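The values are calculated or read from the model by the stated rules, or taken from the named source; none is laboratory data. Predicted, not measured: the structure shown is a model, and the values here were computed from it. So basically every Cβ, Gly included, is an ideal-geometry build from the backbone, and we count neighbours across all protein chains shown.
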Amino acid sequence: MSKYVPFLKLKSNEIMAVKELDTDLRRALTPFFDFPYKKERSEEDFKRNAGRMFRSINRHLKDIPYFYLDNFDVDSNLVVDGGNNYAYLLSVFKDLPVVPVISIDRSDDHMLAVCEAKNSGDLKSDLVALRFVAEDFESFDVVADSIKERLGDTFGKFANIDLILDCRVCSNQVLDSLVSNANNFIQKFTNDYTVNKIIVTGPSIPASIGKILSVGYEVELPRLELDIFDGVCNAIGDDFDVVLGDYGIVSPNYSDLNIAPELFQNVMTAKILYTFDRHHFIIRGGAIKTHERGNEQFYDQAAIIVDNIFYRGAGYSWGDNFIDEESRSEGSLVTNSTILKPTINTHITYMLKDYV
């Protein structure tokens, strides 16, 4: 198993980015998939998307050991087939190696869904993931009773717990406090519960790239999540298996724009992110519709990446080869959506090959 867990939206580009990894890297990877948010998602839309994503993983990622599956972004009030939407997800994915995710911020029906899926045999996993966001792990003492009362029965169904500390957008928070809170929480939690491993995750990329970068500019954005992870590892030492997680090149708070498709190009600007060392290199162009180069801006942006000293070469990954082709205007014309597959692919490849 790898020492790295990418946190991805359960979408086609993300699944295909994993599929295009070198075989040895893919077979060692245990990705975390969040079912994507969509404003006013209907029951039928939820079911269609769940079915489509099941078929995609079943077809393209059969050789991964397992994956985590969560509905963090889905409205807990969304009823599917008369019941809890997470129960529906678990039923759809029952033939795949799913690790369920629980937390104190989920409904009682969510926890019941996990227990019932385990009792029925739909869940084969002996591992359950326990996910806390930053405000949850500020103080173990504050949430200790909730953990015991709300999650105790669920813990009893599984042999192992993976503890996930999800910092969300790190750039909005005080890093020293995050590290201190995480370390104190881990110490107290592991005094009461046995954990399989601890995953520390969080991105530095905000939901809106405009908060860090104006149109027509480039930036090297420090990956603050790596500082948090290092701080936790330095404090924990070798006592526990601590694993690095991140959100790749997409903010966890990103959601699809709730506007008509024909208006996308009026507001969307061309952008590419490329990970190197402890930074994201980000290029932001102009609006697709009004810029004289339109979608061809991606050719120009790829050429800038290829000309930089940090570019790892076309042979490094499927995604790097894609960027190389784009830089020579030989690749297919891409959009802000389709550029995600190659750039997520090269990010994960870099993290597995050269970072962890």
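Go through the stretch 326-356 and give me each residue that's modelled with pLDDT of 95 or more, farther than 20 Å from residue 284 by Cβ and crowded, with 17+ Cβ neighbours inside 10 Å.
345, 348, 349, 350, 351, 352
Can you tell me which residues in the stretch 165-189 are in a helix (DSSP H, G or I) and out of contact with any helix residue (DSSP H, G or I) (no Cβ under 9 Å at 6 or more places or on another chain)?
Selection gives 172 alone.
Among residues belonging to the stretch 191-210 that are part of a strand (DSSP E or B) and β-branched (Val, Ile, Thr), point out the one that is farthest from residue 225 (Cα to Cα).
It comes out as 198.
Can you name every residue in the stretch 49-77 that is without any contact (Cβ under 8 Å) to a residue 40 or more places away in the chain, outside any loop (DSSP other than H, G, I, E, B) and under 20 Å from residue 113 (Cβ atoms)?
49, 67
Can you name the condition, by its number, that residue 169 falls short on among (1) out of contact with any strand residue (DSSP E or B) (no Cβ under 9 Å at 6 or more places or on another chain); (2) within 22 Å of residue 3 (Cβ to Cβ)?
Residue 169 satisfies all of (1) out of contact with any strand residue (DSSP E or B) (no Cβ under 9 Å at 6 or more places or on another chain); (2) within 22 Å of residue 3 (Cβ to Cβ) except (2).
Would you check which residues across the stretch 131-163 are surrounded by fewer than 16 Cβ atoms within 10 Å (Cβ to Cβ) and among the small types (Gly, Ala, Ser) and list them?
Within the stretch 131-163, 139, 144, 146, 152, 156, 159 meet the criteria.
Of the conditions (1) buried (at least 17 other Cβ atoms within 10 Å of the Cβ); (2) within 21 Å of the chain's Cα centre (by Cα); (3) not in a helix (DSSP H, G or I), residue 213 clears all except one; give me its number.
(2)
Give the stretch 307-345 a look and list any residue that's farther than 18 Å from residue 10 by Cα, hydroxyl-bearing (Ser, Thr, Tyr) and either touching a strand residue (DSSP E or B) at 6+ places or on another chain (Cβ under 9 Å) or without any contact (Cβ under 8 Å) to a residue 40 or more places away in the chain (or both), or say none.
Of everything in the stretch 307-345, those that are farther than 18 Å from residue 10 by Cα, hydroxyl-bearing (Ser, Thr, Tyr) and either touching a strand residue (DSSP E or B) at 6+ places or on another chain (Cβ under 9 Å) or without any contact (Cβ under 8 Å) to a residue 40 or more places away in the chain (or both) turn out to be 311, 316, 327, 329, 332, 335.
Take the residues of the stretch 274-313 that are of a type in the set (Val, Ile, Thr) and not in a helix (DSSP H, G or I): which is farthest from residue 223 (Cα to Cα)?
290
Restricting attention to the stretch 159-172, which residues are closer than 18 Å to residue 111 by Cβ, within 24 Å of the chain's Cα centre (by Cα) and not acidic (Asp, Glu)?
Of everything in the stretch 159-172, those that are closer than 18 Å to residue 111 by Cβ, within 24 Å of the chain's Cα centre (by Cα) and not acidic (Asp, Glu) turn out to be 160, 161, 163, 164.
Among the residues of the stretch 274-302, write down those that are charged (D, E, K, R) and either in contact with a helix residue (DSSP H, G or I) (Cβ under 7 Å, 6 or more places away or on another chain) or under 20 Å from residue 347 (Cβ atoms) (or both).
Correct list: 277, 278, 284, 289, 293.
On the basis of being at pLDDT 95 or above and within 14 Å of residue 235 (Cα to Cα), does residue 185 make the cut?
So residue 185 fits the description; yes.
Suppose we filter the stretch 272-294 for residues that are at pLDDT below 95, surrounded by 15 or more Cβ atoms within 10 Å (Cβ to Cβ) and polar (S, T, N, Q); how many remain?
0
Residue 269 passes all but one of (1) at pLDDT 80 or above; (2) under 21 Å from the mean Cα position of the chain (by Cα); which number fails?
Here residue 269 clears every test but (2).
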